[in-house]
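Since the structure comes first, as structure tokens, the remarks are kept for the end.
What follows draws every value from the coordinates through simple rules; no lab data is involved. Treat the numbers as computed from the prediction; the structure is a model and nothing was measured. We place every Cβ from the backbone using ideal geometry, glycine too, and count neighbours over all the protein chains shown.
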């Protein structure tokens, strides 16, 4: 199973009243977890995978158009016989 680290731009919402200098139209988020799926448009990251049920939990779908940086890692198994 692969791990994903994704920095991405999210939309933001601010309650007013606001002056123009107070605008924060974009927010940079960092998501990390299990790489559940990746296709041409989306990176899907989950925090949990239930092996017995074959189900993902706490899932985020990140549009690739919003991705600033990503790293996909494939962990290696620890060697026995320390």
For residue 8, work out the one condition from (1) over 15 Å from the mean Cα position of the chain (by Cα); (2) in contact (Cβ under 8 Å) with a residue 12 or more places away in the chain it doesn't fulfil. (1)
Options 46, 53: the member that is under 17 Å from residue 73 (Cβ atoms) and without any contact (Cβ under 8 Å) to a residue 24 or more places away in the chain: 46
State yes or no: is residue 18 touching a residue at least 60 places away in the same chain (Cβ under 8 Å) and more than 15 Å from residue 64 (Cβ to Cβ)? no
